[in-house]
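The values are calculated or read from the model by the stated rules, or taken from the named source; none is laboratory data. Owing to the predicted nature of the structure, the values given are computational and were not obtained by experimental measurement. So basically every Cβ, Gly included, is an ideal-geometry build from the backbone, and we count neighbours across all protein chains shown. When the accessible area is computed, the model is the full protein with side chains, heavy atoms only, and any ligands, DNA or RNA have been set aside. Shrake-Rupley method; radii C 1.70, N 1.55, O 1.52, S 1.80 Å.
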Amino acid sequence: MSLCFFDGNMTFSGIKGYFLAALAAAAYGTNPAFAVPLYEEGMNPNTVLLFRYILGLPLLAFLMGIRRIPFGIPRNVIGQTFILGILMALSSLTLFESYNYMNSGIASTLLFVYPVMVAIIMMFFFKEKNGPSLYICLLIMFIGLFLLVKPTGGITLSPFGCLLVMLSALTYALYIVFVNVSKRIKVIPTTKLLFYVLLWGSLLFIANIGLGNPITFPQYGHQWFNLLALAVIPTLLSLACTTAAIQLIGSTPTAILGSLEPVSAVLLSVFFLHQPISTVEIIGGCLIVIATLIVINDKRIDKVILSVRKMFPRHHI
């Protein structure tokens, strides 16, 4: 199917697929909108994520029951799902911790470098071939990062906050690579895999309680609402819509519309959380999104670059 949003041959299923992909991305971008207010009322990131994961488990179990997906997994896969759970939990924890040090919308935009990290890991460790588009996107991404961390009006981004987001992006990239290269993991239904990822990941947050991160229980109804919203909207709703969109329009268009994730996070941070953002930061964030779109659509862009090269033979340059 064409990537053009206004293709005259667009079917109803295609329109539905694009809508679901956009909804999935926007839903995932709501993370800070529900998490930051909980921080302001005394809850810490470890507690917020523990409740998010635990509340998500019965909801996933319910979905598995409706779809008649068995809960059992082979013994030789348990270790791999455990590793994935820890990677996902580390990615979630470092991202949610970064909200304490920087604008949550900017943090969500910085996180969007993870597709570039995936491409680099696949190239260096799994010998996956990459064309010139990867180097172009790396240049654009570094310019975007420079604009984001460049002081504006005497204010600069927290280096520690940036480090946390980069660790979050790296652990999520490792998670994606693991899922991509493991033949045993690929055959596990998405809902079942996420169930075990949340199950094992919650153990990390429980262990953190004993390491000096006290659990702070919700005291008010709106706090429970925010925690439940975190479990439903950026987790289950985003997952379900992403899976359905991939089935309808394919992985590449779905990934491209994933650029709405940081957009929704930034908009919610500015208008809902009233966090300031500068024009330079907006430009830097847009460049990071552009770099990611190049990676996602690299094959088409590489073809264009090669075609242009053929138009200008070396002896004419």
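Numbers below:
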quantity: Tally of residues being in contact with a helix residue (DSSP H, G or I) (Cβ under 8 Å, 6 or more places away or on another chain), modelled with pLDDT of 75 or more and not hydrophobic (A, V, I, L, M, F, W, C) across segment 133-157; calculated: 1
quantity: Cross-chain or 6+ apart pairs with Cβ under 8 Å, segment 270-295 first and under 14 Å from Leu260 (Cα atoms), then basic (Lys, Arg) and assigned to a helix (DSSP H, G or I); calculated: none
quantity: Pairs where the first residue, in segment 187-202, is farther than 16 Å from Tyr175 by Cβ and surrounded by fewer than 20 Cβ atoms within 10 Å (Cβ to Cβ) and the second is among the aromatic types (Phe, Trp, Tyr) and modelled with pLDDT of 90 or more, C-beta under 7 Å, 6+ apart; calculated: none
quantity: Test: residue in segment 204-219 that is buried (at least 21 other Cβ atoms within 10 Å of the Cβ), part of a helix (DSSP H, G or I) and within 19 Å of the chain's Cα centre (by Cα); calculated: no
quantity: Single condition Ile120 does not satisfy, out of (1) more than 24 Å from Ile290 (Cβ to Cβ); (2) within 21 Å of the chain's Cα centre (by Cα); (3) surrounded by fewer than 22 Cβ atoms within 10 Å (Cβ to Cβ); calculated: (1)
quantity: Residues located in segment 1-35, provided they are open to solvent by 60 Å² or more (accessible area, probe 1.4 Å), farther than 20 Å from Val270 by Cα and either modelled with pLDDT of 85 or more or not β-branched (Val, Ile, Thr) (or both); calculated: Met1, Cys4, Phe5, Phe6, Gly8, Asn9, Phe12, Lys16, Phe19
quantity: Pairs with Cβ under 9 Å, 6+ apart, first in segment 62-87 and over 17 Å from Val181 (Cβ atoms) and open to solvent by less than 40 Å² (accessible area, probe 1.4 Å), second in a loop (DSSP other than H, G, I, E, B) and of a type outside the set (Gly, Ala, Ser); calculated: Met64/Pro70; Met64/Phe71; Met64/Pro189; Ile69/Pro189; Ile73/Ile188
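Let's see how each residue does on (1) part of a helix (DSSP H, G or I); (2) touching a Gly at 6+ places or on another chain (Cβ under 6 Å):
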residue	(1), (2)
Gly17	yes, no
Leu38	yes, no
Asn46	yes, no
Ile73	no, no
Val77	yes, no
Met102	no, yes
Thr109	yes, yes
Met117	yes, no
